[in-house]
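A quick write-up on the structure given underneath.
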Amino acid sequence: MTDFLIGSAIAAGATGIGALPALIFKRGTHRFRDVLLALCAGVMMAAAVFELIPNALVLSDFIMVTLGLLAGVVTLTLLETTVPHHHLEHGYGVKVNKKTILVVSAIALHNMPEGLSVGVSYGSGVEGLGPLIALAIGLQNMPEGFLIALFLIQQRVRLAVAFLIALLTGVLEFLSSLIGYFLTNFVEGVVPFGLAFAAGSMLYIIYKELIPESHGDGNALAATYSFILGLLAMLFLISMF
C-alpha cells in the first residue's frame, strides 16, 4: 500500500513539475513556444506508441486496445464538439477560448483512466507492473502539465492560478488511482483499457492540436526537429527503465 501511494503520488505530481518550465519561459518568443509544443508532442507520441499501447497489448488483446484507443479519440471528439464556442469570462477578467478549454479538459479527462491504470497495476499483484506503469504515466504527465500551464498563461491567467490548475489535474489522477487500486478485485480489463484510452487521447491532442499549432507560424522545420528530439528523449528513458 505504501509503495502504491508513493508511486501514484509521484506520477500525479509530475504534472505540477511539468508546469514549472511554462512559468519560467512565459515570455518566450513564438518560435520558442512552437519548439516546446513540438517537443511535448514528440514525448507524448513516444509514450503513447512505445509504452502505453505495447503494455496494453501485453495485458490484453488487439480488440480491447482498439476499443480503448477509439474510446479516447471519440471522447475527445465529443468534448470538442460540445465545448461552447463563445469565450468564457473568469473572475480575473480573463477570457479563456475554446482551444484552451479543450486542451485542459481533455488532459484532465484522460488523467482519470491513467490514474485507474496506475491503481489497478499496483493492485494486480503482478511484480514490477505498478512501478513501470507509474513511471510511464509520470513521464507523460510532465509535458501535459507544461501544456496546461502554457495555454493558460497565453490567456493571461495568473501564474499561480495556471500552476494550481495543472496541479489539480494531477490530483484528479491520484484520486482515480485510489479508486482503481480498490476496484482491482471487482473490475477486469481496467488496466489495458485505461492505457489504450490514454494513448488515444494523447494521439488526438498531438495530431489535432499540437502539431498544427507548432507548424502554423513559419516554424515548421524547427518544430519538426524538436518533435523528433522529444520522441528520442522519451525512447531513451523507456530503454533505460
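The values are calculated or read from the model by the stated rules, or taken from the named source; none is laboratory data. All figures in this text were calculated on a predicted structure; none of them were measured in a lab. Here the Cβ is made from the backbone with ideal geometry for all residues, glycine too, and neighbour counts use every protein chain on show. Note: accessible area is taken over every heavy atom of the protein model, side chains too, but ligands, DNA and RNA are not part of it. Shrake-Rupley method; radii C 1.70, N 1.55, O 1.52, S 1.80 Å.
So for the pair Leu229, Leu23, with labels modelled 7 Å out along Cα→Cβ, what separation do we get in nm?
2.4
Counting only the heavy atoms of the protein chains, how much of His30 is accessible to a 1.4 Å probe, in Å² to the nearest 10?
Counting only protein heavy atoms, His30 exposes about 90 Å² to solvent.
Work out how much length Arg158 to Thr2 would gain on full extension: take 0.36 nm times their residue separation and subtract the Cα-Cα distance, in nm to one decimal.
That works out to 52.6 nm of additional length.
Under a crude label model (7 Å from the Cα following the beta-carbon direction), how far is Leu175 from Thr82 in nanometres?
1.9
If I model a spin label at Leu168 and Val74 as a point 7 Å from the Cα along the Cα→Cβ vector, what separation in nanometres do I get?
Here the modelled spin labels are 3.0 nm apart.
Tell me whether the range 153-241 comes out rounded, prolate or oblate; compute the Cα gyration tensor, take square roots of the eigenvalues as a ≥ b ≥ c, and use a/c under 1.5 as the rounded threshold. Let's see the in-between values first.
Numbers: a/c = 2.29, a/b = 1.45, b/c = 1.58.
Judged from the Cα gyration tensor, the range 153-241 comes out oblate (a/c at least 1.5, b/c at or above a/b).
Using R₀ = 25 Å, calculate the FRET efficiency as 1/(1 + (r/R₀)^6) where r is the Cβ-Cβ separation of Leu132 and Val49; round to 0.05.
Numbers: r = 16 Å, r/R0 = 0.66.
With R0 = 25 Å, the Cβ-Cβ based efficiency is 0.95.
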